[in-house]
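What follows is a set of notes on a single structure, which appears directly below.
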Amino acid sequence: MNPLRRLLDLHGLPDASGGKDANGTVIVIGGPPSCPGAVMLAGTAALRLGSGRVQLVVHPDVSAAIAAGTPEAMVLGWDQQSTPHAALRTALAEADVVIVGPGHADMDSAVVREIAEAVDGAHLVLDAGALPAALGLVDTGQRLLIAPNTDEATRLVGYDGDESVLAPRLAEAIDGPVAVRGAITVVTDGTECWLFEDAPTGLGTPGSGDVFVGTLGGLLACGAQPVAALGWAVALHAEAGARLARDAPVGYLARDLVRELPFARAALG
């Protein structure tokens, strides 16, 4: 198994120096009333990595609060239990990256499929409560990416093993690249695997996964290829944590990771 550095050496960070029209649109669908902040973390992480535009789709009960807390993003209200409304369908058809699931413990797989069918050529990233729908979307032909933790990957493939076994099995199941994140992280395109073992302990803080998936979305929006985006998201997320850990090994918050992302990019780029 190759070290992650080899993958990063093959694929440089995408250029994010252009304006908002050049760097893609990321839509994040999540934000149930019980956990509205997840989309804010994911959306601001995407912006910090250079995404041109971010649109947050949240439950109407929290849309005003999310809009006030994330002035850089457009906010759409949707209950996420019914058919996507016309404004959302239009946005989905025009997006470059669509992230579904942050903040949700469980999303109806039929609703996730409706979202997927409204996407027109964008990268579709499933996270958290949307992950169980992944295997049922293989037949849609969507550009699907997932980066579950070890427990989530185990539930998806029905196999309790380490990341080096889980990642290839999951890539085969969804017919696409994946990352399985745990004590070690394994990124695979289904043929080769790359290993990362240097993640700081503090990355286990609540909301850290939302920052990761937003980082992934921002890289994709700026033009990174899927497996390269997964690799760089792993590296940048860890570098942000390492920068914080120099002063405090644990105790930093997910929002602190978001703040460090541009500096992590500069350090690694």
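We did not get these values from a lab; they are worked out from the coordinates using the rules stated. What you see is a predicted model; the values in this text were computed from it and never measured. Note that each Cβ is placed from the backbone with ideal geometry, even for glycine, and that neighbours are counted across all protein chains shown.
Across the options Gly218, Leu126, Gly30, the greatest Cα extent toward the positive end of the charge dipole of the chain (unit charges at beta carbon of Lys, Arg, Asp, Glu) belongs to Gly218.
Modelled spin labels at Asp162 and Glu192, positioned 7 Å past Cα toward Cβ, are 2.2 nm from each other.
Estimated from helical segments only, the mean residue ellipticity of the chain at 222 nm is -13000 deg cm²/dmol, where each DSSP H run of four or more residues counts as -39500 (n - 2.57).
Seen from all sides and averaged, what is the projected area of the convex hull of the Cα atoms in region 137-183, in nm²?
Numbers: hull surface 11.7 nm².
Orientation-averaged projected area of the Cα hull: 2.9 nm².
I need the Debye-formula profile for the chain: one equal scatterer per C-alpha, no solvent, reported as log10 I(q)/I(0) at q = 0.08, 0.12, 0.17 1/Å, two decimals. Calculated log10 I(q)/I(0) at the listed q: -0.27, -0.64, -1.38.
Full extension of the segment from Thr201 to Leu268, taken as 0.36 nm per residue of separation minus the current Cα-Cα distance, would add 22.1 nm. Each of Pro84, Leu203, Ala16 was scored by the projection of its Cα onto the charge dipole of the chain, and the greatest displacement toward the positive side belongs to Ala16; charges sit on the C-beta of Lys, Arg, Asp and Glu. When only Cα pairs below 8 angstrom with a gap of at least 6 residues are kept, the chain shows a relative contact order of 21 percent. Rounded to the nearest 20, the size of the Cβ-charge dipole of the chain about its Cα centre is 620 debye, with Lys and Arg at +1 and Asp and Glu at -1. Comparing mean-square fluctuations of Asp160, Asp61, Asp247 from a GNM of the chain with C-alpha springs under 10 Å, the top value falls on Asp247. The Rg/Rh ratio of region 189-233, with Rg taken over Cα atoms and Rh as the Kirkwood radius over Cα pairs, comes to 1.01. Calculated FRET efficiency, Leu253 and Arg155, Cβ-Cβ r, R0 30 Å, to nearest 0.05? Computed FRET efficiency for Leu253 and Arg155 comes out at 0.65.
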